[in-house]
1. Shape verdict for the range 16-120, please, from the Cα gyration tensor: rounded (a/c under 1.5), prolate (a/b greater than b/c) or oblate.
2. Quick one: compute the contact order of the range 128-181, relative version, from alpha carbon pairs under 8 angstrom and 6+ residues apart, as a percent.
3. Rolling a 1.4 angstrom probe over the protein chains, ignoring ligands and nucleic acids, what is the accessible area of residue 224 in square angstrom, nearest 10?
4. Cα centroids of the range 61-79 and the range 1-55: how far apart, whole angstrom?
5. What aspartates and glutamates could a cross-link reach from residue 145, if we take a straight Cα to Cα line under 12 Å and drop same-chain neighbours fewer than 8 places away?
6. Please arrange 99, 136 by accessible surface area, largest first, computed with a 1.4 Å probe and ligands excluded.
7. What shape does the range 89-221 have by the C-alpha gyration tensor, where a ≥ b ≥ c are the square roots of the eigenvalues, rounded means a/c under 1.5, and otherwise prolate means a/b greater than b/c and oblate the rest?
8. Give the relative contact order (percent, whole number) for the chain; include only Cα pairs under 8 Å separated by 6+ residues.
Amino acid sequence: MHRTELLECLGDSDFLAKLHCIRQAFQVILSDTANRLFIAERGRKILSALIVRARKNPKKFEEVFDEMISFLEQADHWSNTEIELAAWGVKHLNFYDVVLDFIFMDSFDDLENPPMSIQNVVNNHWLNSSFKETAVASSCWSVLKQKKQQMKMHDGFFAHFYAICEHISPVLAWGFLGPQNSLYEFCSFFKDQVLYFLKDIFDFEKVRYSTIESLTEDLMRLLIHHTDLLLAYLGAESLRLSGCVNGHGQTMSSNLLDAKVQ
């Protein structure tokens, strides 16, 4: 899918030319073990915090997340992973195509138009919040069960991916579709930061497309910046919830407000 308009590119040619460069830059970034560990740890920490915000225990999620990272670190799995993803229309085994576009952006698109069964439950004013949350989670697990039954490789990429989704999908679905509480706010902020990051890396004013080295440097800088904002949001929110917001906390909240409207 071309995300030309969403990422505010001048046209499809502009989007595709930048995407070609971005794919190369991410290949360079992920060829460095330290970068892979950094990205994995940031992802683990942020998604675990999301689960905790939903009042769930992140232990099982962290186990299956670590299993996925271990799976991806083994080069002998890459060929089959490429075949699995190609069947879903993902033609490039790249951080942009797999993580940013296929996993995050496609998930956000799905949550914009949830199944009618979920919409009916969420919009039913006779049901209490706890029942709705359980029903949304059951619907997510039912969809995942059907997808797992259709897998051709039962120990491949999607087996690990769906194991992660079992813990994350219900939280995200309830976060976006449920009441506008702290979970909703964090899910919204999380989505915003993913989108801001994508817009930034396709913006000539934010990154240098002059050389692969400069583009790689700028992509890492922006990745650190936006994940820092997410972690700072979590820290500021923890202070707010514990009633310990001091002068430093107020400054942090102000910075986060700026980030939301950037």
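1. The shape class here is oblate.
2. Working: 26 pairs, mean separation 27.8, N = 54.
This gives 51 percent for the range 128-181.
3. 60
4. 18
5. The qualifying aspartates and glutamates are 166.
6. Output order, biggest surface exposure first: 99, 136.
7. Here the range 89-221 falls in the oblate category.
8. Details: 197 pairs, mean separation 60.9, N = 262.
Here the relative contact order equals 23 percent.
The values are calculated or read from the model by the stated rules, or taken from the named source; none is laboratory data. Since the structure is predicted, the reported quantities are computational estimates derived from the model, not experimental observations. A quick note on method: Cβ atoms are made from the backbone with ideal geometry, for glycine too, and the neighbour counts reach across all protein chains shown. What goes into the accessible areas is simple: the full protein's heavy atoms, side chains included, and nothing from ligands, DNA or RNA. Shrake-Rupley method; radii C 1.70, N 1.55, O 1.52, S 1.80 Å.
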